[in-house]
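What follows is a single structure, written as structure tokens, with notes after it.
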Amino acid sequence: MTLNVGIIGLGAMGSDHAKRIAERTSGVKLAGVADLKPELVEKYSKKYGAKAFESGAALVASPDIDAVMVVTSPDDQHSQFVLQAIEAGKYVFCEKPLMPTVAECQKIIDAELNHGKRLVQVGFMRRYGEGYIEMKKAIDSRKYGEPLLVHATHRNYEVPTSYDTTMSVSNTAVHEADLLHWLLGEDYESGITFLPKKQTKYTHDNLHDPQIVMLDTKSGVHIDLEVFVNNHMGYDINCEIVCEEGTIALKTPTNMSVKTKFQHEDPIPEEFTERFKDAYDNEIQQWANGVQKNQITGPSSWDGLVAMVTCDALGKSRDEGGVREPITLPEKPALYKD
Ligand code: ISE
């Protein structure tokens, strides 16, 4: 049976998912689209033969839609559609972050608990990248001993002027907030955000760039993460786990490198949709398969809440001048235990 998926939000990420659902995901059909901009709805409904909805709420309520993807921007518009989908008993994939506040994440969890079954998956696609999957296997096996340190970078070529200082954590480092505790298989104890004095000339008044994030896990693994969103070089994601008997590092996938006169060049991707294309494809295919089988296993609302609690502590640290903040999670409900 074909799964009829509806997408709410057709900006950069939403249109990328629309193409993925329409052209590269098996067992699914892009059955409907909605956006606040009618011209986008018209464009993508025509392009993919999907039904044009006049609102996100109408799309969720429609009997023509089996499962919903919420990819709206700004991030604080996710809430109403995710809650509406849970109420309707429909599976809903929500792009990261789940919600912009811990209280709102908790609302989603409460609605899901009330429903009695997991319906929400959060778009932390890095967990589906082959590089990270291999790294996790190596860490879990303890082949190289205990992990001790993590050095990571999250660099974007540039960001729009609407992107501000808080977003370096809530919109960008949120990926590592999710990924690194998953990779290491443990929760965080505390976090720090430090704003170095020297900034890039490519930033603007409302954005402190770059920033340094530090996290410590419960067992004492220390993480340092550089977040540099106007690096004017490319989309450069690095992660190295230092273990007792070796280091495990993520490689940037490339199909070609060039050697020319006294130089050796490896291309750096420009955009995250290009760098993590395979991870996104994998993520959505597995989500669709899970929905078909009536059991989803990807990042849950609980994972969305963990990331937001972590980002809140990191934001507080930044606002208080770089003090160490505890990261305290509520008790994990049984629904989210493995
Ligand atoms: C964006 O929303 C993403 O999710 C990207 O992966 C991240 O690199 C970028 O900084 C965010 O703005």
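A few comments on the model shown:
- Count - residues of the range 53-93 that are outside any helix (DSSP H, G or I), in contact with a helix residue (DSSP H, G or I) (Cβ under 8 Å, 6 or more places away or on another chain) and closer than 17 Å to Ala18 by Cβ: 12
- Every condition in (1) touching a residue at least 60 places away in the same chain (Cβ under 8 Å); (2) farther than 21 Å from Val150 by Cβ is met by Met308 except one, and the failing one is (2).
- Options Tyr188, Tyr132, Tyr235; residue that is touching a helix residue (DSSP H, G or I) at 6+ places or on another chain (Cβ under 7 Å), within 16 Å of the ligand (Cβ to nearest atom) and closer than 30 Å to Glu112 by Cβ: Tyr132
- Residue check for Thr217: polar (S, T, N, Q) and within 15 Å of the ligand (Cβ to nearest atom): no
- Only one of Ile212, Ile268 that is more than 30 Å from Phe93 (Cβ to Cβ), surrounded by fewer than 19 Cβ atoms within 10 Å (Cβ to Cβ), within 16 Å of the ligand (Cβ to nearest atom) and of a type outside the set (S, T, N, Q): Ile212
- Members of the range 110-124 that are of a type in the set (A, V, I, L, M, F, W, C) and over 18 Å from the mean Cα position of the chain (by Cα): Ala111, Leu113
- Pairs linking a residue in the range 96-108 that is within 20 Å of Ala173 (Cβ to Cβ) to a residue that is crowded, with 19+ Cβ neighbours inside 10 Å and among the aromatic types (Phe, Trp, Tyr), with Cβ atoms under 8 Å and 6 or more positions apart or on different chains, are Lys96/Phe124.
- Among the criteria (1) surrounded by 15 or more Cβ atoms within 10 Å (Cβ to Cβ); (2) part of a helix (DSSP H, G or I), the one Leu98 does not fulfil is (2).
- Residues that are near the ligand (Cβ under 10 Å from one of its atoms) and in contact with a strand residue (DSSP E or B) (Cβ under 6 Å, 6 or more places away or on another chain) within the range 144-175 comprise His154, Arg155, Ser168, Thr172, Ala173, listed in sequence order.
- Candidates Tyr157, Tyr144: the one that is in contact with a Phe, Trp or Tyr (Cβ under 7 Å, 6 or more places away or on another chain) and either in a helix (DSSP H, G or I) or modelled with pLDDT of 95 or more (or both) is Tyr157.
- Scanning the range 81-95 for residues that are in contact with a Leu (Cβ under 9 Å, 6 or more places away or on another chain) and either among the acidic types (Asp, Glu) or crowded, with 19+ Cβ neighbours inside 10 Å (or both) turns up Phe81, Val82, Ala85, Ile86, Tyr91, Val92.
- Subset of the range 220-230 [more than 11 Å from the ligand (Cβ to nearest atom) and not charged (D, E, K, R)]: Gly220, Val221, His222, Ile223, Leu225
- Flag for Val159 being within 30 Å of Val229 (Cα to Cα) and under 18 Å from the mean Cα position of the chain (by Cα): yes
- Scanning the range 10-32 for residues that are touching a Ser or Thr at 6+ places or on another chain (Cβ under 7 Å) and either assigned to a helix (DSSP H, G or I) or within 16 Å of the ligand (Cβ to nearest atom) (or both) gives Gly11, Asp16.
- Residues of the range 188-208 satisfying the condition of being among the aromatic types (Phe, Trp, Tyr) and within 23 Å of the chain's Cα centre (by Cα): Tyr188, Phe194
- Failed condition for Val120, given (1) within 16 Å of the ligand (Cβ to nearest atom); (2) surrounded by 15 or more Cβ atoms within 10 Å (Cβ to Cβ); (3) closer than 24 Å to Ser79 by Cα: (1)
- First in the range 13-40 and among the basic types (Lys, Arg), second anywhere and assigned to a helix (DSSP H, G or I) and within 16 Å of the ligand (Cβ to nearest atom), Cβ under 6 Å, 6 or more apart: Arg20/Ile284; Arg24/Asp281
The values are calculated or read from the model by the stated rules, or taken from the named source; none is laboratory data. These numbers come from a predicted model, not from an experiment. Glycine also receives a Cβ, built like all others from the backbone with ideal geometry; neighbour counts cover every protein chain displayed.
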